[in-house]
């Protein structure tokens, strides 16, 4: 009598249906009215979290929230204006915040400046979130997730933080400035985790990237050729925004090490299921991370709020 061996089934890859029950938890998602931010916010709300959509345009935010269901609220936040960031944090009124998801961003714009005179991509993607995180950190109970990008590798070894000219007053290119801002997101996460650990805090800092996801983020590229390339990529290469949001959701809810970086598991990390991924040597440099932190404190006037003695 012969027997037939059934091949072992492969474990299912992680998806949003595997989110834990988030009832009683509060999540704040910046840029939650479109793209992967909107998808992530909706998934968190479905899982039971109370989700705060922090958006520049409250009308669009309310429209997005109405389609999500669950428990949501909309608050105005312009990350390109430090006064708006401070006002948002002041109005938080010491509410516990389980998950802070720094998702909002701009990509490959013609050179512009924020209200405070920062190069727009660095000012919005990094400095705005830097200020917001530190102002809200006393209320965060679980983790901070910052959305970076595979673009942090653009330029290879030449991609670094231009400390001598952070705001690209000369030699500006939209692609290089975007890459710097995404590198800054990872260095911020690295140094934030170091400071949290030093302070004895149980809060974790993590980063995620969506791979190549079809959203409207790429539609604002300064170069028309780049816009066409992005449109073609969105159509033929990119994964849908529902898949692009998975690394953010995985980083926000799974038991992962501090400073971990989550991205898709497919070739080139362009698409696939979420998993821990590597980062470039420049994004792993603790000295650059500390220097960037110090400069960011000077530029924003916002400092790390936790003292070692206060939490030990």
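For the range 112-124, the set of residues classified as surrounded by fewer than 23 Cβ atoms within 10 Å (Cβ to Cβ), touching a residue at least 40 places away in the same chain (Cβ under 8 Å) and either touching a strand residue (DSSP E or B) at 6+ places or on another chain (Cβ under 9 Å) or farther than 19 Å from residue 301 by Cβ (or both) consists of 113, 120, listed by residue number.
Among the residues of the range 6-27, is there at least one that is in contact (Cβ under 8 Å) with a residue 40 or more places away in the chain and surrounded by 24 or more Cβ atoms within 10 Å (Cβ to Cβ)? Yes: one or more hits.
For the range 248-255, the count of residues that are over 25 Å from residue 44 (Cβ atoms) and without any contact (Cβ under 8 Å) to a residue 12 or more places away in the chain is zero. Filtered by the rule that a residue be closer than 11 Å to residue 31 by Cα, surrounded by 17 or more Cβ atoms within 10 Å (Cβ to Cβ) and out of contact with any helix residue (DSSP H, G or I) (no Cβ under 8 Å at 6 or more places or on another chain), the range 48-62 gives 52, 56, 61.
Within the option set 100, 127, 79, 109, being within 24 Å of residue 164 (Cβ to Cβ), in contact (Cβ under 8 Å) with a residue 24 or more places away in the chain and buried (at least 24 other Cβ atoms within 10 Å of the Cβ) holds for one residue only, 127.
May I ask you to list the residues in the range 151-171 that are over 22 Å from the mean Cα position of the chain (by Cα) and either assigned to a helix (DSSP H, G or I) or modelled with pLDDT under 95 (or both)? Across the range 151-171, the qualifying residues are 157, 158.
Only one entry of 227, 235 meets the criterion of being at pLDDT below 95, part of a helix (DSSP H, G or I), in contact with a helix residue (DSSP H, G or I) (Cβ under 8 Å, 6 or more places away or on another chain) and farther than 26 Å from residue 81 by Cα, and that entry is 227. Restricting attention to the range 262-284, the residues that are within 19 Å of the chain's Cα centre (by Cα) and under 27 Å from residue 165 (Cβ atoms) add up to 5. Assess whether residue 257 counts as being assigned to a loop (DSSP other than H, G, I, E, B), within 23 Å of residue 139 (Cα to Cα) and over 17 Å from the mean Cα position of the chain (by Cα). The answer is no for residue 257. The set of residues in the range 300-312 being surrounded by fewer than 20 Cβ atoms within 10 Å (Cβ to Cβ) and part of a helix (DSSP H, G or I) consists of 308, 309, 310, 311. Return the residues of the range 266-285 that are out of contact with any helix residue (DSSP H, G or I) (no Cβ under 8 Å at 6 or more places or on another chain), in a loop (DSSP other than H, G, I, E, B) and at pLDDT 95 or above; say none if nothing qualifies. Selection gives 278 alone. If you go through the range 125-150 and keep only what is farther than 25 Å from residue 115 by Cα and part of a helix (DSSP H, G or I), you end up with 138, 139, 150. The sole residue among 65, 27 that is under 19 Å from residue 245 (Cβ atoms) and touching a helix residue (DSSP H, G or I) at 6+ places or on another chain (Cβ under 7 Å) is 27.
The values are calculated or read from the model by the stated rules, or taken from the named source; none is laboratory data. Model, not experiment: these values are computed from the prediction. Cβ sites come from the backbone with ideal geometry, for glycine too, and all protein chains shown count toward neighbours.
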